[in-house]
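Each remark here refers to the structure printed beneath this line.
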There are 2 protein chains.
Amino acid sequence: MEEAMELLSREARELSLGSQVERVAAPVSPLRFLRDFVMPGKPCIVTGGIQHWSALRKWSNDYLRAALGDQQVSVHFTPDGRADSIVDETLMFVSAHVQSMPFAQALEAVLGKRSSSNVAYLQQQNDCLRTEYSRLIDDVEADIPWATQALGSLPEAVNLWIGNENSVTSFHKDHYENLYAVVAGEKHFTLLPPVDVHRLYIRDYPAASYAQQEDERKLVMRSDRPRRMVPWASVDPECRHQDKHKFPRYFSSGGGEPFHCTVGAGEILYLPSMWFHHVTQRPDSGGRTIAINFWYDMAFDIRYAYFNFLESCVNKKTKNTTIE
Amino acid sequence: MEEAMELLSREARELSLGSQVERVAAPVSPLRFLRDFVMPGKPCIVTGGIQHWSALRKWSNDYLRAALGDQQVSVHFTPDGRADSIVDETLMFVSAHVQSMPFAQALEAVLGKRSSSNVAYLQQQNDCLRTEYSRLIDDVEADIPWATQALGSLPEAVNLWIGNENSVTSFHKDHYENLYAVVAGEKHFTLLPPVDVHRLYIRDYPAASYAQQEDERKLVMRSDRPRRMVPWASVDPECRHQDKHKFPRYFSSGGGEPFHCTVGAGEILYLPSMWFHHVTQRPDSGGRTIAINFWYDMAFDIRYAYFNFLESCVNKKTKNTTIE
C-alpha cells in the first residue's frame with residue numbers, strides 16, 4: 001500500500017502538477033483557468049491579478065485608521081503566532097484567543113508586536129471583509145471576475161487578514177476553491193496536493209484554546225469542555241531537526257517534495273480545494289501583511305470521493321503500524 | 001478494501017454522478033460543458049446537438065452508394081457481431097476479421113445481414129471519417145465546436161460507424177474524451193464510471209482473431225502469434241443467467257448500478273474518458289445504424305493517477321482472492 005501511495009504521489013506530479021507553482025499573467029480567461037488549473041487541481045499565481053485595486057495604493061496605516069477607526073474587529077491572540085496548531089509540549093490542538101476591539105487598537109497590537117507579549121492577527125474566516133471591514137469594500141473588487149465565471153458562482157466568503165511576521169498558519173486544507181490576493185507584504189506558502197495526505201501524519205488531537213486570565217496579559221491554554229478531538233496534520237515543516245525522524249514520509253520521502261511559493265503584493269494565488277497549505281508571511285515597510293482571500297464553493301465530485309478513498313487507505317495503514 | 005471500494009462507488013454517485021444520464025439541449029456553452037460534465041467526469045446527452053448537419057437528411061443508402069461507390073473501406077467481420085470480446089467457450093479475447101472492399105459491397109454486407117453467415121461492421125478507429133470516408137466530410141462538421149473550445153484542442157480522431165443490430169461492442173474504456181453523435185438509428189449504452197472498475201472483473205485473456213479460410217465464408221478463430229495477453233472486462237451485461245453468480249459485484253451489487261441510455265439520431269453522447277461502455281444498436285428504416293465519434297485528447301491529471309491507484313488496489317485484492 002505504501003508503494004501504491006508513493007506511485008500515486010509521483011504520477012500526479014509527473015502527469016500534471018509538476019514541481020513548481022506556475023506564474024501566469026493577468027488577465028486569465030475563465031476557460032483556461034478552469035481547464036488548466038481548477039480541473040487538474042493545480043495551483044498557480046496570477047501576476048498583476050489585482051493591480052487595478054485601489055487598495056494597493058491607498059491602504060496605508062493612516063488610511064486604514066481613518067476608514068475603520070472605532071469599528072469593532074476580531075483579533076486572534078496567541079503567545080507565539082501559532083493558532084490552530086499542535087503545541088509540541090502538550091500534543092494538543094490549540095486555537096487562538098479571539099477578542100473584539102476597535103480597529104485602531106487592533107492595528108496597534110499588530111504593529112506594536114515587539115513590545116507586546118502576545119501576537120495579534122486580525123482575521124475572522126466568516127466573510128469578515130463584507131461584515132467587519134465593509135467600510136473598505138470599495139477599495140477592492142467584490143470577486144475575482146474570471147474565477148467567478150469559471151466556477152459559475154459568486155464567492156461564498158471573502159476574508160481579510162492583517163498580521164505581522166510572527167503569525168504562522170499550520171498545515172491544513174479547506175473545502176473551498178481559494179483565490180488568495182496579497183495587498184501588502186508577502187505570503188510564503190508550503191503546499192502539498194491532496195494525494196500526499198499520507199505525508200502529514202494526520203491524527204486526532206485533543207482540542208484546547210488560549211484564554212486570557214483576568215487582569216493579566218498572559219495567555220493560558222485550556223482544554224475545551226466538553227472534550228473533543230480534532231484530526232490535524234502532525235507535521236510542522238519548520239520543526240526542529242530532532243523531530244524530523246518521526247515523519248519520514250514528509251522529511252525524507254525522496255519524491256513528493258512540497259511546493260514552495262511566495263505571493264507578493266498585487267498577486268493572487270489560486271489554491272485548489274483540498275490542498276494542504278502552511279503559511280508564513282513578511283510585512284511591508286508599514287509593518288503589516290495584508291491579504292484578502294475569496295472562498296468559492298468547490299465541486300464535491302469524483303476527485304473528492306477518490307480523496308476519501310485514499311484517506312481510508314491511509315487510515316487503515318496508520319492503524320496497522322506504529323509510526324513513531 | 002471491498003467496503004472502501006463500495007463507498008467510493010456510492011459517494012461518486014451521490015455527490016455528483018447521480019443515477020441517470022442527464023439530457024441537455026444544444027447549444028451548450030463551453031464553460032458549462034467543461035465545468036458540469038468534463039471536470040466531474042459525468043456523461044450527458046446533448047439533444048439537437050447535430051440537427052444542423054446535412055448528413056441527417058442526406059445519408060440514404062442511395063446517397064451513400066453514389067458518394068462513396070468504389071471507395072475502399074475497412075469492414076470488420078465476426079460470426080456473431082461480437083468483436084473485441086471474450087468468447088465464452090474458449091475464454092479468449094477475439095478480434096474481428098478486417099477486410100478492405102469497395103463501399104457499395106461493404107454496405108450490402110451490412111444490409112444483407114440475414115442472408116450472410118457473418119456480421120459486417122463498417123468501422124476503423126483510425127480517424128476513418130477523414131481518410132476512407134473523406135468524401136462525406138462536407139455533410140458533417142469537422143468538430144463539435146463547444147467541445148473543441150472547452151477542451152482546448154481539435155479532435156485527435158473522427159471515426160464513422162455503419163452497422164446493424166447484430167453488432168455489439170463489449171465493455172471497455174478509452175483514453176479519450178468521446179463525443180458520440182448518432183446520425184441514423186439509435187445506440188444503447190450501458191455505462192460504468194471508472195470508480196466501478198472492480199465490478200468488471202478485468203483479467204488477462206489470450207488474444208485471438210477471426211480469419212477467413214480460403215474459398216470459404218466461415219470464420220475461424222486463431223490464437224495470435226506470438227502469444228499475447230489482453231486485460232479485458234469479464235462481464236457481459238447480457239450474459240446468460242447461469243453466469244451471473246460469477247460476477248456478483250456487477251450483477252448483485254445492491255448499489256453501483258450501471259447507467260443506461262439511448263442516443264437517437266441528431267443527439268450526441270458525451271462519454272467521459274475512462275468510462276466503461278458496452279454498446280448495442282438499432283437500425284433505422286434503411287437498415288443501418290450510423291454514428292460518428294470525435295475523440296479528443298483527455299487530460300492525464302490527478303483523476304487518472306487516482307484511477308491507477310484504485311486499479312492497483314483492485315488488482316491486489318483480486319490476486320489475494322478467488323473470484324469464481
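Some values worked out for this structure:
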read-out: Dipole axis of the protein assembly as shown (+1 Lys, Arg; -1 Asp, Glu on Cβ), positive-most option in A:Gly264, A:Phe307, A:Asn61; value: A:Phe307
read-out: Cα-based convex hull, the protein assembly as shown, per residue volume (Å³, whole number); value: 172
read-out: In the stretch B:141-238, the GluC sites (Glu not before Pro) that fall in loop regions by DSSP, at most 10 other Cβ within 10 Å; value: B:Glu214, B:Glu216, B:Glu238
read-out: Student exercise, the stretch B:1-316 dipole from Lys, Arg, Asp, Glu Cβ charges, in Debye to nearest 20; value: 320
read-out: Fewest-first sequence of B:Asp138, B:Asp236 by Cβ atoms within 10 Å of each Cβ; value: B:Asp138, B:Asp236
read-out: Net lengthening on full extension, A:Ala26/A:Ala66 (0.36 nm per residue, minus Cα-Cα); value: 11.2 nm
read-out: Exceeding the 28 Å Cα-Cα cut-off - candidates A:Lys173/B:Lys42; A:Lys42/B:Lys42; A:Lys316/B:Lys244; B:Lys58/B:Lys218; B:Lys58/B:Lys187; value: A:Lys316/B:Lys244; B:Lys58/B:Lys218
read-out: Ranked list, fewest to most other Cβ atoms within 10 Å of each Cβ, for B:His277, B:His172, A:His245; value: A:His245, B:His172, B:His277
read-out: Residues of the stretch B:57-96 with amide N under 19 Å of a point placed 7 Å along Cα→Cβ from B:Ser285; value: B:57-65
read-out: Chymotrypsin sites (Phe, Trp or Tyr not before Pro) within the stretch A:105-194: DSSP coil, no more than 12 neighbouring Cβ in 10 Å; value: none
read-out: Leading residue at positive end of dipole, the stretch A:1-316 (Cβ point charges), from A:Ile144, A:Tyr133, A:Val230; value: A:Val230
read-out: 18 Å tail of the calculated P(r), the stretch A:120-268, as % of Cα pairs; value: 71
read-out: Residue-count net charge about B:Ser252 - beta-carbon cut-off 12 Å; Lys, Arg +1, Asp, Glu -1; value: +3
read-out: Gyration tensor (alpha-carbon) shape descriptor, chain B, a/c threshold 1.5; value: oblate
read-out: The stretch B:205-320 - Kirkwood radius from inverse mean 1/r over Cα pairs (Å); value: 18.8
read-out: Rounded if a/c under 1.5, otherwise prolate or oblate - the stretch A:5-156, Cα gyration tensor axes; value: oblate
read-out: Helical mean residue ellipticity (222 nm; -39500 (n - 2.57) per DSSP H run of 4+; nearest 500) of chain A; value: -5500 deg cm²/dmol
read-out: Cα gyration tensor of the stretch A:68-191 - equivalent ellipsoid semi-axes, whole Å, descending; value: 26, 20, 12
read-out: Exposure proxy ranking, count of Cβ atoms within 10 Å, fewest first, for A:Met5, A:Met229; value: A:Met229, A:Met5
read-out: Cα-centre dipole for the stretch B:174-239 with unit charges at Cβ (Lys and Arg positive, Asp and Glu negative), debye to 20; value: 280
read-out: FRET E, pair A:Cys239, A:Arg217, Förster distance 35 Å, beta-carbon r, rounded to 0.05; value: 0.80
read-out: Neighbourhood charge, 11 Å Cβ-Cβ cut-off, centred on B:Ala55 and excluding it, Lys, Arg +1 and Asp, Glu -1; value: -1
read-out: Förster radius 56 Å - calculated FRET efficiency between A:Leu91 and B:Asp297 (Cβ-Cβ, nearest 0.05); value: 0.70
read-out: Rel. contact order, % - alpha carbon contacts under 8 angstrom, at least six apart, chain B; value: 26
read-out: Under 12 Å, Cβ to Cβ, from B:Leu31 - net charge with Lys/Arg +1 and Asp/Glu -1; value: +3
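Every read-out reported here was derived from the displayed coordinates using simple, explicitly stated rules and does not represent laboratory data. All values derive from a computational prediction rather than experimental measurement. Heads up, the Cβs are rebuilt from the backbone with ideal geometry, glycines too, and the neighbour counts pull from every protein chain shown.
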